[in-house]
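The values are calculated or read from the model by the stated rules, or taken from the named source; none is laboratory data. Just so it is clear, the model here is predicted, and its values are computed rather than measured. In this analysis, Cβ positions are derived from the backbone assuming ideal geometry, glycine residues included, and neighbour counts consider all displayed protein chains.
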Amino acid sequence: MQTITPKELAKNNDKSILIVDIREQNKFKDWHIKDSINVDIYNEIWNGNFDVVKQKLSQLPKDKTIITVCNAGVTSQNASMLLESMKYKTAVLEKGMMGWNTLHQAVDVLDEDDLLLKQIIRIGKGCLSYLIASKSTKECFIVDPSQFVEEYIEVAKENGFAIKGIIETHVHADHLSGAKLLKEITKAKYYISGTDLKAKVDFIDLDKTDEIEIGNNKIKIIKTAGHTDGSVCLLVNDKALLTGDTLFLEGVGRPDLGRNKEDVERGAKILFETLNKIKSLNQNLIVLPAHFTSFDNAPISEKLNTLLNNNKTLKINLESEFINYILNNLPMTPPNYEQIKNFNLNLIQVPRQMGEQLEFGPNRCASK
């Protein structure tokens with residue numbers, strides 16, 4: 001049985017490939033690979049209704065190589081076997097959507113003077129991390145690392161950088177942090193707001209820090225509570241603003257996760273004040289969020305002045321209207337968010353297989 005890895009699939013521009021997701025329609029609608037199509041045969045395969053499966057698959061074009069996708073890359077093997085028996089060219093996506101959820105790709109945002117700023121895109125999950133490096137000192141910071149720490153170690157090594165520090169813009173609720181493990185492996189310093197963290201660990205408190213230097217580069221710490229009480233944004237060389245989960249290209253951070261019902265309105269009020277602070281910054285700043293829903297071009301970024309015109313949430317200028325809008329437009333709660341946030345608050349490292357299962361599915365961190 002021929003297979004294809006998520007990395008190979010992401011790099012493949014062959015128009016003769018067709019990605020066919022065989023999961024139930026509701027699961028496909030909730031989360032799927034861009035440009036894939038859905039042929040809902042998952043339950044028919046498990047029920048042994050292979051004649052029905054073949055009939056549905058026979059509608060696929062025979063001039064395409066069919067890449068079959070399921071949750072974990074197991075049931076899709078049966079679909080590919082049946083396709084082979086019908087004389088189709090086919091391959092199975094390794095580990096299915098679970099594997100797609102682990103894919104990371106690094107792209108340059110800024111490469112000038114002493115600064116190299118890279119965006120690390122986790123395509124399947126919709127998460128964004130960053131590498132901020134000094135070309136003169138050959139040192140870098142990693143911002144908001146996922147549990148797949150080997151990805152950041154590899155990017156740093158490929159570019160000849162030693163990881164000097166790990167910065168988290170806040171404690172995440174939708175995916176597991178790799179900060180603790182990356183800190184242990186690299187012996188790097190760990191930076192986070194003391195307001196957000198519960199774990200007893202050596203760290204540099206961003207509540208008490210205004211600026212971090214790396215080579216000739218300056219990272220200003222802007223306190224931007226709202227999504228969490230300890231959320232921060234990072235202003236790199238007065239050119240790029242890493243906004244964490246405070247501001248996205250299509251919305252703003254949700255203020256409800258980890259808060260009780262009475263406290264959500266307070267969070268929305270604080271978020272409104274925070275966004276006004278961001279609005280007053282240099283309009284030419286490049287906004288670099290920690291999440292995205294879709295993208296056509298990388299890096300995933302936008303100028304602040306463009307966001308002020310296009311992001312409808314930012315156009316709301318009355319506090320009461322903003323609070324009502326946010327409370328009425330909260331998306332579905334991320335799966336397992338309470339467990340994930342508890343692990344992150346306490347910097348608990350969980351086994352990789354358990355971590356992958358906890359994170360399965362798209363991010364839902366934005367109100368828009």
| task | Go through the range 144-171 and give me each residue that's buried (at least 22 other Cβ atoms within 10 Å of the Cβ) and among the polar types (S, T, N, Q). | result | Ser146, Gln147, Thr169
| request: Would you check if there is a residue in the range 257-278 being modelled with pLDDT of 95 or more and on the phi > 0 side of the Ramachandran plot? | output: no
| Ser16 vs. criteria modelled with pLDDT under 95 and of a type in the set (Gly, Ala, Ser) | yes
| request: Assess whether Ser58 counts as being over 30 Å from Gly178 (Cα atoms), free of Cβ contacts under 8 Å to residues at least 60 places away in the same chain and among the small types (Gly, Ala, Ser). | output: yes
| note | Residues of the range 288-307 being over 27 Å from His32 (Cβ atoms), surrounded by 15 or more Cβ atoms within 10 Å (Cβ to Cβ) and without any contact (Cβ under 8 Å) to a residue 60 or more places away in the chain, in sequence order, are none
| message | What's the number of the only condition in (1) surrounded by 14 or more Cβ atoms within 10 Å (Cβ to Cβ); (2) more than 23 Å from Lys125 (Cβ to Cβ); (3) not β-branched (Val, Ile, Thr) that Pro6 fails to meet? | response | (2)
| request: Please indicate, with yes or no, whether at least one residue in the range 313-331 is touching a residue at least 60 places away in the same chain (Cβ under 8 Å), surrounded by 13 or more Cβ atoms within 10 Å (Cβ to Cβ) and closer than 30 Å to Gly73 by Cα. | output: yes
| query | Of the residues that sit in the range 176-230 and are assigned to a strand (DSSP E or B) and β-branched (Val, Ile, Thr), which one is surrounded by the fewest Cβ atoms within 10 Å (Cβ to Cβ)? | reply | Ile204
| message | Scan the range 293-311 and tell me whether some residue there is of a type in the set (D, E, K, R), assigned to a loop (DSSP other than H, G, I, E, B) and under 21 Å from the mean Cα position of the chain (by Cα). | response | yes
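Here's the yes/no breakdown for (1) of a type in the set (Lys, Arg); (2) surrounded by fewer than 20 Cβ atoms within 10 Å (Cβ to Cβ); (3) assigned to a strand (DSSP E or B):
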{"residue": "Lys56", "(1), (2), (3)": "yes, yes, no"}
{"residue": "Ile66", "(1), (2), (3)": "no, no, yes"}
{"residue": "Thr90", "(1), (2), (3)": "no, no, yes"}
{"residue": "Val107", "(1), (2), (3)": "no, yes, yes"}
{"residue": "Asp111", "(1), (2), (3)": "no, yes, yes"}
{"residue": "Ile142", "(1), (2), (3)": "no, no, yes"}
